[in-house]
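The structure under discussion appears below in the form of structure tokens.
Coordinate-derived values only; no laboratory data. In this text, all values refer to a predicted model and were calculated from it rather than measured experimentally. Please note: Cβ atoms are built from the backbone with ideal geometry, for glycine as well, and neighbour counts cover all protein chains shown.
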Ligand code: SF4
């Protein structure tokens, strides 16, 4: 009988795509992938350094894993494993810790699966993690996260990602297209392009060889993929040519997620972001001029050191006036080995929480206003497989979340529907529909 492996992923889309690829390495080595609760022989936990209480979460998952399979071999990979390998090695029950350069050699490192009295650690300095390893996720077959870029050469003062993932590096356009074709052939309808700093795509062996825009143009020609979504792009890298191309593209959808982080120029400079807020306004205006229906999501951090009440109000008003559709609000928390963690003007925890709450309320208001602006339109929805209490969800091209009664025939299908009203839980309901679009 084949050995069984189960995965647990914390963190971002990149981690999800990498867990899937590690899963394929196990399949090729003859393992069966099973649910976490299905008494696996091996657990792989892919960690994140951005996650709040990463250490506690990791400990908890290991504990749960060993309750299910007391003799299972437990391996920890991911950003947190790169940053704090020894700390993780101390967690009771962990057998192996793999750093950023080693995680894709997991099969070579796993030998006899016997539990170790003390975890073995394979963790080179992150400067050694300079090879690009392609990855893409497979979830419910509706949407795939395709990793095209890794690492980051920026040095935002709050961020540990460059320490955990190394410098910016990318796949070749040729290889991305090859993978996109494979994904298309498997019946997946939407690709979400992912990377740590996606707009910086094109660096190989420390040299710039391509631009993100070249990749966008090439991917637009891939037959068989209905939608391509850009997961997140820095405002200073979202050029006019990219916006103009997406506006007329066959496959790129009208949805951008653009990190802002603060609406105060003072805080942006303390964060060492590479733009001022005027540039952000300019990007939003350009997008809306060419695509008035475009969905725009914003990352914002509250409680950064030095953020006074006035600075926060500045950010609040800035966002309130900005024509964007939703916010992803992060509460600042100190990370070891970052410049921000040593800065003066620490904002008390309760103030951070209050500011977060205010921006969450603002986000709900923005989302609702955006959804309301879309009511009465007939839009193409891609329905997902997941169903809860007889309800299924899907997304329009411009990221309006719709819900309807579960109908198995709709799973992973594109269908034109009329967006009719907003339900009490905030999703858009549909009451009328046309033919399923068969591709
Ligand atoms: S752009 Fe800044 S926040 Fe984003 S990964 Fe790079 S250093 Fe971190």
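Could you check what % of the DSSP bridge pairs in the chain are antiparallel, to the nearest 5?
The answer is about 40 percent antiparallel.
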Global size of the stretch 76-159 as Cα Rg and Dmax, reported in angstrom | 15.0, 42
Share of alpha-carbon pairs per 5 Å distance bin for the stretch 1-83, given as whole % | 3, 16, 27, 24, 19, 9, 2, 0
Out of 269, 37, 341, any idea which swings most in a Gaussian network model of the chain, alpha carbons joined below 10 Å?
-> 37
Would you mind calculating the relative contact order of the stretch 86-192 from Cα pairs under 8 angstrom and at least 6 residues apart, reporting the percent as a whole number?
-> 24 percent
Residues of the stretch 156-187 with amide nitrogen under 13 Å from the 7 Å Cα-to-Cβ point of residue 279?
-> 156
Cα centroids of the stretch 202-278 and the stretch 290-325: how far apart, whole angstrom?
-> 18 Å
Separation of alpha-carbon centers, the stretch 1-66 and the stretch 92-126, rounded to whole Å | 13 Å
Between residue 357 and residue 214, what FRET efficiency follows from the Cβ-Cβ distance if R0 is 51 Å, with the result rounded to 0.05?
-> 0.75
Sorted by packing (mean other beta-carbon atoms within 10 Å per residue), highest first, where do 181-187, 322-328, 114-120 land?
-> 322-328, 181-187, 114-120
Restricted to the stretch 291-439, the DSSP antiparallel beta bridge percent, nearest 5, is 75 percent
Cα-only Rg/Rh for the stretch 1-148 with Kirkwood Rh rounds to 0.93
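Let me make sure I get this right: for the stretch 24-66, a, b and c are the square roots of the gyration tensor eigenvalues over alpha carbons, sorted descending. Under 1.5 in a/c it's rounded, otherwise prolate if a/b > b/c, else oblate. Which is it?
Values: a/c = 3.62, a/b = 1.73, b/c = 2.09.
Note, shape of the stretch 24-66 comes out oblate.
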Take every Cα-Cα pair in the stretch 181-289 and report what % of them are more than 19 Å apart.
-> 50 percent
Contour minus Cα-Cα span, residue 241 to residue 175, at 0.36 nm per residue, comes to 21.4 nm
Relative contact order (percent) for the stretch 256-371, with alpha-carbon contacts under 8 angstrom and 6 or more residues of separation?
-> 30 percent
Alpha carbon Rg of the stretch 130-253, scaled by the compact-globule rule 2.2 N^0.38 Å = 1.02
Helical contribution to [θ] at 222 nm, DSSP H n ≥ 4, -39,500 (n - 2.57), averaged over the chain, rounded to 500 | -9500 deg cm²/dmol
Cα-Cα pairs in the stretch 378-437 separated by more than 13 Å, as a whole percent of all pairs, come to 55 percent
Mean separation of Cα contacts under 8 Å (at least 6 apart) over the residue count of the chain, i.e. the relative contact order in percent, is 9 percent
Compute the whole-percent fraction of alpha carbon pairs in the chain spaced more than 33 Å apart.
-> 39 percent
Rounded, prolate or oblate: which one fits the stretch 247-386, using the alpha carbon gyration tensor with axes a ≥ b ≥ c (rounded when a/c is under 1.5, else prolate when a/b beats b/c, else oblate)?
-> prolate
By average C-beta atoms within 10 angstrom, highest first, the peptides 39-49, 257-267 = 39-49, 257-267
Name the most mobile residue of 64, 102, 379, meaning the one with the largest mean-square fluctuation, in a Gaussian network model of the chain with Cα contacts below 10 Å.
-> 64
